[in-house]
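Have a look at the structure below before the remarks.
Only the coordinates and a few stated rules stand behind these numbers; no lab work does. What you see is a predicted model, and the numbers here were worked out from it, not measured in a lab. All Cβ positions, even for glycine, are placed from backbone atoms using ideal geometry, and neighbour counts span all protein chains on display.
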Amino acid sequence: MEPVNYNNPFSPAASLKCSIRALPLHLWSRHIISPNWYIASKGLEPRTIVSTANEDLPFVSTSDPLSNVRHSVDGPKDLGHAPLLVIPSPSKISRDENPQFMFINKEWTVSGDKGLQNELQFLSDKLGLKVSSSIDSSSKTILLTLAPVAFESNQDQSPSTANDSYSLEVGDSKELITITGQSSSGVFYGIQTLLALMNERGEVTAVSIKDSPRFSYRGLMVDVARNFKSKQDIMKVLDAMAMYKMNKFHFHLSDSEGWRLEIPGLEELTTIGSRRCFDLQEKKCIMTQLGSGVDTSTSGTGFYSTEDYREILRHAARRHIQVIPEFDLPGHSHAAVKSMRARFDRLVQEGKDKEANRFLLSDFNDKSSYTTIQGFSDDTVNPCINSTYTFLDFILSTLSRLHSDIQPLTFYHFGGDEVPNGAWVNSPECQKMGHRLTKRYLMDVFVEGVSRITRKHGLNIGGWSDSFSTVADGNMAIGLKKTIIKNENAVAYFWGANFEEETISRLLRGGYKVVLTPARFLYFDHSQEHDFNERGLNWAEKYTDIRKTFGYSPPGNQNILGLEGTMWGELIRTADQMHSMIFPRLLAAAERAWHKGSWEDLWGEERQKQLDEDWVNFANTLGHRELVRLDKIGVPYRVPPPVARIVCKAACNKLHVTTELPGLKVEYSKDDGLTWNDVTPETEVNERIKLRTRSADQNRFSRVINLDPSQGSSDNLPQ
């Protein structure tokens, strides 16, 4: 915004009222309005408008322009307990109708095969037990062993997931627990199952489990480029992933708005690219955006040192989680482009012209004109200049060194998504190729270059599905033949909301492996409720709640490696916001990645019936048990607001409440939030009240909603 009359001064202590309006289509959530608005003028220091410097957005209207009805049906039936023994669901469970319990106390020891030192120590740390120096199968022992895990049916185990298979035997007579794994990862997943079975008193039910995952790839992507998250916050995510047997952490380390990893020798990537502030020339930082404010004190700024990154790698490796780094190229590259331009300018001033050009990512004579979805006009690295590939080679060499002694780098995700139309077509360097310069052709040039360099480093590659495909005349087509890519495996990450079946089918026929990240089911940056006051986007779906993710039925094909929950970070500035968007939805993704629902091969009414039954069991297990486990490791998951209505019995004043996850308590206030009382079956109301849900540990609360008995439904005004 700029003033229309520069001759009309704005006096100190004066006030100015501005109204910004948007169509409901563009304003689906109050949280798309960013905090930290500011005033800037040439020659003066920019200043934040104090009234906007608050994540609660008190300056944004709370009224919903669309609706005041949040739900048309109640939440799932409360069964009063957690019906599922373990999440994700095991392949086969055997136990007596009235099983005995085994009590694990400090008299127990942990023993196991050589090669399982990591798993032995992990279990020892979790339970506070001593590790026996020799293999011991006597009483009061948890024995970890390596051996093949046999299944009665080939359908229970596939070759691609065999290494993650395990068996768990908890006897009801001898005080011995045995976990056998096909590999150390299988043993680790058996440990996670044992920990899930154990109650607060250290009791474990007698049970026999044989288990193997549905998919070999069970992942989560976290975008720290848009808004930085600390090393500790990432480790907490890894802890929760391990609990639910997720094994791939896709680390989105760069985007238009930021570069987040220290690369020794390319200091500008962090001295410039990791910082956001008010700087129109972007000489000292990337221009402020996404609510990051005028200085470098917010989540717009931050990076991982090489040692930070290695600590994250160690934390992940101990939990059998592969870290997959991504630096998004050739699009979404504004921060990298500006950083290397700053490096160029510095070295030219030092008289080092040759070195200045070594890692340059742009063609200064490129007159191409475009604007990205995010509003950038200089957001792409040039695929037609050698220095682009020198840059990538240098980055991969650094990554390989960082990974080498912890978790050797075998796979690199290069991004490749959302390259804008019009990029590079007027670049003299590209015109030298003597080919009609279409985006698809130039993308193919880039991907071939990525393939060549990654193959040199012994890596397989992954990219977003539009790296390998394009939309033309409304039809999805594969633009790059797999035969051109020289890596042993090339993995396409399908993310679109359109052409889903057709795109996946074409990618598979084209020879690509596929990881499923469909936005309608697995984009955790989307709202969890169709509500103006919920954080999140809605371009793919009005909302994606836990049930939506739980009900996803991935297509079956041996070249579909698995699925990945995806957490983009444009609206996610704080750690609590990140955790509440990921959890507990990630548990539903973990269930679908590990276990195929019995309803997935059915059709019609029977499919819906079994899905509904499965969902009730799953939701009750989350509400009655799993949320407590997340509380214990300090994960501030989303607490869902209650579903409330007035029902008529003797009079039309009976308060009826349910929650998305049964087992959570709901409380109400008649005095505008000064005092709160638990809702009971006898609660009656005749006036407008406030309602909120308590977390499983009773320490946090959901967003507050209002209920007006005259309307008979909650009007969903947040407080």
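Can you give the FRET efficiency for D136 and K106, using 1/(1 + (r/R0)^6), R0 = 22 Å, r = Cβ-Cβ distance, to the nearest 0.05?
Result of the calculation: an efficiency of 0.85.
Given the chain, what percent of its DSSP beta bridges are antiparallel, to the nearest 5?
45
Which entries in the list K92/K245; K632/K665; K210/K609 go over 21 Å, if you measure between the two C-alpha atoms of each?
Flagged as over cut-off: K210/K609.
Find how much the distance from F10 to T574 grows on full extension, using 0.36 nm per residue of separation minus their present alpha carbon separation; answer in nm with one decimal.
Extra length from F10 to T574 when fully extended: 199.7 nm.
Just to verify a number: FRET efficiency for T271 and D239, C-beta to C-beta distance, R0 = 41 Å, to 0.05?
The computed FRET efficiency comes out at 0.80.
With the Cα gyration tensor of the chain giving a ≥ b ≥ c as the square roots of its eigenvalues, does the rule (a/c under 1.5 for rounded; else a/b larger than b/c for prolate; else oblate) give rounded, prolate or oblate?
oblate
Sticking with the crude label model, points 7 Å out along Cα→Cβ, report the distance from Q610 to H81 in nm, one decimal please.
Modelled inter-label distance: 2.5 nm.
So, in nm, how far is label R401 from label D74 when the simple model puts each one 7 Å beyond its Cα toward the Cβ?
Distance between the two pseudo-spin positions: 6.3 nm.
Charges at C-beta only: +1 for Lys and Arg, -1 for Asp and Glu. How large is the resulting dipole of the stretch 217-596 about its Cα centre, in Debye rounded to 20?
1000
Strictly under 4.7 angstrom between C-beta atoms: which cysteines of the chain have no such partner?
Those would be C18, since no other cysteine Cβ in the chain comes under 4.7 Å of theirs.
Say a paramagnetic label sat at a point 7 Å from the Cα of K367, along Cα to Cβ; which residues of the stretch 418-444 have their backbone N under 17 Å from it?
It comes to 422-432, 437, nothing else.
Taking 0.36 nm per residue of separation and subtracting the Cα-Cα distance, what length does fully extending R509 through S208 add?
104.3 nm
Could you tell me the relative contact order of the chain? Use alpha-carbon pairs under 8 Å, at least six residues apart, and round to a whole percent.
13
How many angstrom lie between the C-alpha centres of the stretch 347-410 and the stretch 240-283?
Answer, in whole Å: 14.
Students often get this wrong: which residues of the stretch 634-676 have the backbone nitrogen under 14 Å from the point 7 angstrom along Cα-to-C-beta of N699?
634-637
Could you name the lysines in cross-link range of K130, using Cα to Cα under 19 Å and dropping any fewer than eight places away on the same chain?
Cα-Cα hits under 19 Å: K106, K114, K140.
Which of F394, V628, A147 sits farthest toward the positive end of the charge dipole of the chain, with +1 on the Cβ of Lys and Arg and -1 on the Cβ of Asp and Glu?
F394
Based on DSSP, what percent of beta bridges with both residues in the stretch 92-211 are antiparallel, to the nearest 5?
55
DSSP loop (so not H, G, I, E, B), at most 16 other Cβ within 10 Å: list which trypsin sites (Lys or Arg not before Pro) in the stretch 280-332 pass both filters.
K283, K284
Between D678 and R201, what is the label-point separation in nm under the 7 Å Cα-to-beta-carbon projection?
Modelled inter-label distance: 2.1 nm.
Would the stretch 180-308 count as rounded, prolate or oblate if I go by the C-alpha gyration tensor, calling it rounded below 1.5 in a/c and otherwise prolate when a/b exceeds b/c, oblate otherwise?
prolate
Once you have the Cα-Cα distance between E448 and K665, take 0.36 nm times their residue separation minus that, and quote the gain in nm to one decimal.
72.5 nm
Which of the listed residues, F122, C285, M235, is farthest toward the dipole's positive end in the chain, when Lys, Arg count +1 and Asp, Glu count -1 at the beta-carbon?
Highest projection toward the positive end goes to C285.
Helix-only mean residue ellipticity at 222 nm, the chain, DSSP H runs n ≥ 4 weighted -39,500 (n - 2.57), per residue, nearest 500. What is it?
Result for the chain: -7500 deg cm²/dmol, rounded to the nearest 500.
Once you have a ≥ b ≥ c as the square roots of the Cα gyration tensor eigenvalues for the stretch 644-699, tell me rounded if a/c is under 1.5, and otherwise prolate or oblate according to whether a/b is larger than b/c.
oblate
What FRET efficiency would be calculated for the residue pair K231, S297, taking the C-beta separation as r and a Förster radius of 22 Å, to the nearest 0.05?
E(calc), rounded to 0.05, equals 0.75.
Take every DSSP beta bridge whose two residues both sit in the stretch 217-596, then give the antiparallel share in percent to the nearest 5.
If I count the DSSP bridges inside the stretch 217-596, around 15 percent turn out antiparallel.
Once you charge only the Cβ atoms, +1 for Lys and Arg and -1 for Asp and Glu, what is the size of the charge dipole of the chain about its Cα centre, to the nearest 20 debye?
That gives the chain a dipole magnitude of about 1020 debye.
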